[in-house]
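Worksheet: the structure to be examined is printed underneath.
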Amino acid sequence: MMRDFFNIPSRIKANIMDKPLVSVIIPCYNVELYIEDCLNSCLNQTHSNIEIICIDNNCDDKTISIISAFQKAYPHITLLKESKQGPAAARNKGIKHARGEWIQFLDADDLLFPNKIEHQLEKSVDNAAFVAGSCISQKTDGETYTHPVSNKHLIYSLYFQWLGNTCSNLYNAKTINKTVLQDDSLPFSEETDFMFQLVQINDKVIVDDEPLTIIRERSTGSINKGDKANKYKGYIEVRLKLSQYLQVNQPEFYHLNKTKFDAHIFSYIRGLAHYDLNMANMYRLQLNISAPPTSTVKEKLYALSFKLCGFKTTETMLSVLKYLLSAFKKQP
């Protein structure tokens, strides 16, 4: 258990207050199984000068009662209410109330290593937009993998999700300045869009290769667990925005890497096709991807079918084949 800040001797308290204030913003939606661990990971930070802002995003479980119990012991925990559903709207509420020089977003089911904030503050510089941090993703079966980070080309890194994660990054409040908000109309990839806004204002991004954030994947209860079709749409829409920016501002770079961009976005268009074939085909036509990139035998067979039958027919045949194979496997 951490010491109560208000019972710390004044000499030590003054030393804490000399350090920059960091606002930790935590959107909460039905996270009663996770919020205690999340809050403890904040309270156990070696950087002590923090404020914790929890946003109730229409919880109907025990999440709020757990946060209220923490508030009694730790008065620097604030609880706000945001009725508009979604992590972006909840984070925006936190941004508007944050007092810190730096902002740490944290999903309520994720965790920070004890030295996460202190470590990234040490790497930061006053004029940086944010520190892009590596993170560890933990699947529901316990398997973990580490996400790499790179700032060699900011838009390219954003496109391929190499510029950190909302929760693994540390954001300079001067760059956000309460005017750069997350697009709460996007069903997915609002974090990438948010970082895109920031790098257009300030292109100085510090890379932190040390993974000090754990992103815990789960199947239910997360704010952004919407229907899968909208997730694919959000992801594609943001990549379209990035592509358009590059075509206007860095056309040579865009055309040099267009094959890579097309291959990446086409995989998400195919993902969308499982849920909304017409919308997927619309995006394909908008991007003018006439033939998918190929390297493996499987991809070459797909490309042949694509050429002979077209995108929609190929995806329909694959869906039927997948269904038949699944039904066959269930046979005794």
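Worth pointing out:
- From the options 136, 117, 201, residue that is in contact with a Leu (Cβ under 8 Å, 6 or more places away or on another chain) and either aliphatic (A, V, I, L, M) or modelled with pLDDT under 95 (or both): 117
- Test: residue in segment 162-179 that is within 13 Å of residue 239 (Cβ to Cβ), surrounded by fewer than 23 Cβ atoms within 10 Å (Cβ to Cβ) and assigned by TED's automatic domain parsing to the domain that holds residue 88: no
- Identity of the residue in segment 210-226, charged (D, E, K, R) and within 17 Å of the chain's Cα centre (by Cα), that ends up modelled with the highest pLDDT: 216
- Filtered residues of segment 67-92 (kept if under 25 Å from the mean Cα position of the chain (by Cα), over 18 Å from residue 194 (Cβ atoms) and surrounded by 14 or more Cβ atoms within 10 Å (Cβ to Cβ)): 67, 77, 78, 79, 80
- Which numbered condition residue 304 fails, given (1) farther than 23 Å from residue 245 by Cα; (2) of a type in the set (A, V, I, L, M); (3) surrounded by 14 or more Cβ atoms within 10 Å (Cβ to Cβ): (3)
- From 68, 23, residue being in the same structural domain as residue 197 (by TED's automatic domain parsing) and in contact with a Lys or Arg (Cβ under 8 Å, 6 or more places away or on another chain): 23
- Yes/no for residue 110 being touching a residue at least 60 places away in the same chain (Cβ under 8 Å), in the same structural domain as residue 181 (by TED's automatic domain parsing) and touching a Ser or Thr at 6+ places or on another chain (Cβ under 8 Å): yes
- Residue check, residue 303 at pLDDT below 95 and either hydroxyl-bearing (Ser, Thr, Tyr) or within 30 Å of residue 193 (Cα to Cα) (or both): no
- Tabulated pairs, segment 89-102, first in the same structural domain as residue 194 (by TED's automatic domain parsing) and more than 19 Å from residue 129 (Cβ to Cβ), second in a loop (DSSP other than H, G, I, E, B) and among the aromatic types (Phe, Trp, Tyr), C-beta under 8 angstrom, 6+ apart or interchain: 90/29
- Annotation note: of 152, 116, 123, 96, the sole residue that is surrounded by 22 or more Cβ atoms within 10 Å (Cβ to Cβ) and basic (Lys, Arg) is 116.
The values are calculated or read from the model by the stated rules, or taken from the named source; none is laboratory data. It should be emphasised that the depicted structure is a prediction, and the values quoted were computed from it without experimental measurement. Because the Cβ atoms are built from the backbone with ideal geometry, glycine has one as well, and the counts that use them run over all protein chains shown.
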